[in-house]
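Just so you know, all these numbers are worked out from the coordinates, no wet-lab data involved. Just so it is clear, the structure is predicted and the values come from calculations on it, not from any experiment. Positions of Cβ are generated from backbone atoms using ideal geometry, with glycine treated the same way; all protein chains shown enter the neighbour counts.
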Amino acid sequence: MNARAADLRAKGADVFAFGVGEPDFDPPALVLEAARQALSAGPPGVSKYTPVTGIPALKQAICARTQAVRGWLPRPSQVTVSIGAKHALFNIALALYEPGDEVIVPSPYWVSYPEQVKLCGAEPVIVTTEEADGFKMKPDAFAKALSPRTKAVVLCTPSNPTGSAYTGPELSALLEVWKTSDAWLIVDEIYADLVYDGFKHVSAATLASDALDRLIVIDGVSKTYAMTGWRIGWSLTPDRLAKALDTVQGQSTTNATAIAQHAAIAALTGPQETVEAMRVAFEKRRRVMVEGLRSLPGVTCRMPEGAFYAFADCRSLYTATSGVEYKGKPITNDEDVAFFLLDQAHVAAVPGGAFGAPGYVRFSYATSEERIREGIASIKRVLEAARA
Ligand SMILES: Cc1ncc(COP(=O)(O)O)c(C=O)c1O
């Protein structure tokens, strides 16, 4: 999809970037300033290795911010700073999974969860969730998926790709099931600062103080501070796992880039107004995107609680139901829909099959309200023309 979109752009097409997985905002100015200052302070500041799992001041800042926004206080010894949240998750996979292990992953899932499990020779156990249930795993489905081989369970709240987020009671019900097992629970909270309509994100750690010895939290600056390219993410784990992560990371990448760690300290300890401004902008865009998608004949879309994705059921656009054909061929799946939208409407979006949810398409609203309106209008036009 990216290659086709790039090709179209190269040919002069104005492609609507509804496929992106990163905020279109800039990081807070003070982050850039902190990086400049760290540079001008000169060596050894940002030119030498740092401790493998992060600069102490960054670990302190992570703990303090976790307490401020997630409601619990980890110890610095529990923090492993990695090269983005993806790296944090991968280190955990390497430290924990081995052939024979099962890892429960509810679908729709972020693409890397099952792939990382497979890379370690373990087996992802996919629990399919339904739109009618808000794309949230039900406790009984979770209980059924658990086995003596379950090494871990991965939850993402708010979710990429659906934007769904678990309420406190929903999470508590899942935790009750989890506590009947010996498995680790991994909760990816990378989107937790981006929630809307007064939704309150509840961190699993605040509900599971009696089981913190098996709980892993993933977080980072990528989404909250629009710092995807800086590559700073982290895990919060029990000390015994943090020690293993130190070994894994110490034998692969060593520390995350020093200057990026300094920038992350500034993001976490500085004024937080830009986070709220970005959240408010996403909240408005979410409504424009979801209402726009719902205005397309037959398309349904749940109003997501968080992140910056709308996950639309596009099965009504298949040829059998819509009569729309593309290049003389019937449209029969979400990939056909996505390529049709890209080629005809110049709207780049991601087919749901990639997230284990065929029939759906993920539309990112990390772009301006105006672009969202124009992109939706473009889809409407090509649908009308195709049906005419
Ligand atoms: C659910 C989820 N977790 C983790 C990541 C990875 O974040 P990072 O860019 O910090 O590696 C992403 C990025 O898209 C994501 O969507």
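A Förster radius of 41 Å, combined with the Cβ-Cβ distance separating V280 from T247, puts the computed FRET efficiency at roughly 0.45. Selection among C314, T300, M289 by position relative to the dipole of region 288-334 gives C314 as farthest towards the positive end (Cβ unit charges, Cα centre). Think of each Lys and Arg Cβ as +1 and each Asp and Glu Cβ as -1; about the Cα centre, that makes the dipole of region 195-329 roughly 540 debye. Per-peptide packing, taken as the mean over residues of other Cβ atoms within 10 Å, places 164-171, 136-143 in the sequence 164-171, 136-143 from highest down. Rounded to the nearest 20 debye, the dipole size of region 30-269 about its Cα centre is 740 debye, using +1 on the Cβ of Lys and Arg and -1 on the Cβ of Asp and Glu. The per residue volume of the convex hull around the alpha-carbon atoms of region 152-259 is 123 Å³. According to the square roots a ≥ b ≥ c of the eigenvalues of the Cα gyration tensor, what is the shape class of region 61-108, taking rounded for a/c under 1.5, prolate for a/b larger than b/c otherwise, and oblate for the remainder? Note, shape of region 61-108 comes out prolate. Taking square-rooted eigenvalues a ≥ b ≥ c of the alpha carbon gyration tensor, is region 209-353 rounded, prolate or oblate, where a/c under 1.5 means rounded and, failing that, a/b exceeding b/c means prolate? Prolate. By the rule of a C-alpha distance below 18 Å, with chain neighbours fewer than 8 residues away ignored, the lysines paired with K223 are K86, K200, K284. GNM on the chain, alpha-carbon springs under 10 angstrom: the most fluctuating residue among D133, D313, D101 is D133. In region 30-269, the DSSP beta bridges split such that about 30 percent are antiparallel, to the nearest 5.
Mean residue ellipticity at 222 nm, helices only, the chain: -12000 deg cm²/dmol; runs of at least 4 DSSP H residues each add -39,500 (n - 2.57), and the sum is divided by the number of residues. Considering only Cα atoms, the convex hull volume of region 30-269 works out to 113 Å³ per residue. I want the local charge near P297. Using Cβ-Cβ distances under 15 Å, sum +1 for each Lys or Arg and -1 for each Asp or Glu among the other residues. Every neighbour counted, the sum reads +2.
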